[in-house]
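The values are calculated or read from the model by the stated rules, or taken from the named source; none is laboratory data. Fair warning: this is a prediction, and the values are worked out from it, not measured in the lab. Backbone-built Cβ (ideal geometry, glycine too); neighbour counts: all protein chains shown.
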Amino acid sequence: MENGRDDSCVREAVGVFEDAGKLQAAIDDLLTSGFDRSELSLLAAEQTVEEKLHGKYRKVTELEDRGEVPRTAYVSTETVGDVEGAMTGGLIYVGATVAAGAIVASGGTLAAAIAGAVVFGGTGGALGTILAKWFGDHHAHYLKEQLDHGGLLLWVRTVNKERERRAGEILRLHSGLDVHIHELPAETGSTGPRSRY
């Protein structure tokens with residue numbers, strides 16, 4: 001038992017957000033207040049939730065206190081941007097390097113190697129741009145899907161009464177709805193099943 005709490009249970013602050021910007025502001029505030037990313041979780045994608053629960057759900061509020069609901073780890077908007085940039089830039093670099101190396105290895109001139117790098121680098125960049133757009137669209141679809149079901153659900157694992165108070169205060173400050181603390185068995189709480197949205 002930590003701080004007089006039962007280790008077989010997980011206590012969490014729960015809130016629903018009707019706006020992705022307010023959710024992000026709450027998360028930023030939680031992180032700057034000493035909460036760790038690993039203590040935050042979001043509802044998994046609609047298809048994942050429906051497969052796990054063997055049926056559709058109408059509102060996220062139906063799910064907020066159910067321990068068996070699949071969750072996803074919080075991914076910052078900066079990380080989404082970094083992934084998109086890496087997809088685009090990485091494939092430009094790989095395409096250009098492979099093309100230049102192949103031309104030089106086959107006995108081609110430096111001018112041909114540069115021309116090949118430009119052409120194949122551009123092709124790699126185009127593929128990277130397509131993949132980055134898909135990733136961004138996938139993230140936007142995830143947000144829309146959750147909002148269509150009543151909001152973005154955020155769970156914040158808490159380890160003591162002070163953390164519960166602080167988490168609830170932050171969720172309310174950023175317009176979290178139905179903010180409350182719940183207790184779940186440890187095997188199904190926020191340390192339970194997670195998936196990528």
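Of note:
- Of the numbered criteria (1) of a type outside the set (Val, Ile, Thr); (2) under 22 Å from Asp148 (Cβ atoms); (3) surrounded by 14 or more Cβ atoms within 10 Å (Cβ to Cβ); (4) at pLDDT below 90, the one Lys56 fails is (3).
- Residues of the stretch 141-174 classified as at pLDDT 95 or above and small (Gly, Ala, Ser), total: 2
- Selection over the stretch 15-35 of residues that are outside any helix (DSSP H, G or I) and small (Gly, Ala, Ser) gives a count of 3.
- Top-ranked residue in the stretch 34-53 [being surrounded by fewer than 15 Cβ atoms within 10 Å (Cβ to Cβ) and small (Gly, Ala, Ser); ranked as modelled with the lowest pLDDT]: Ser38
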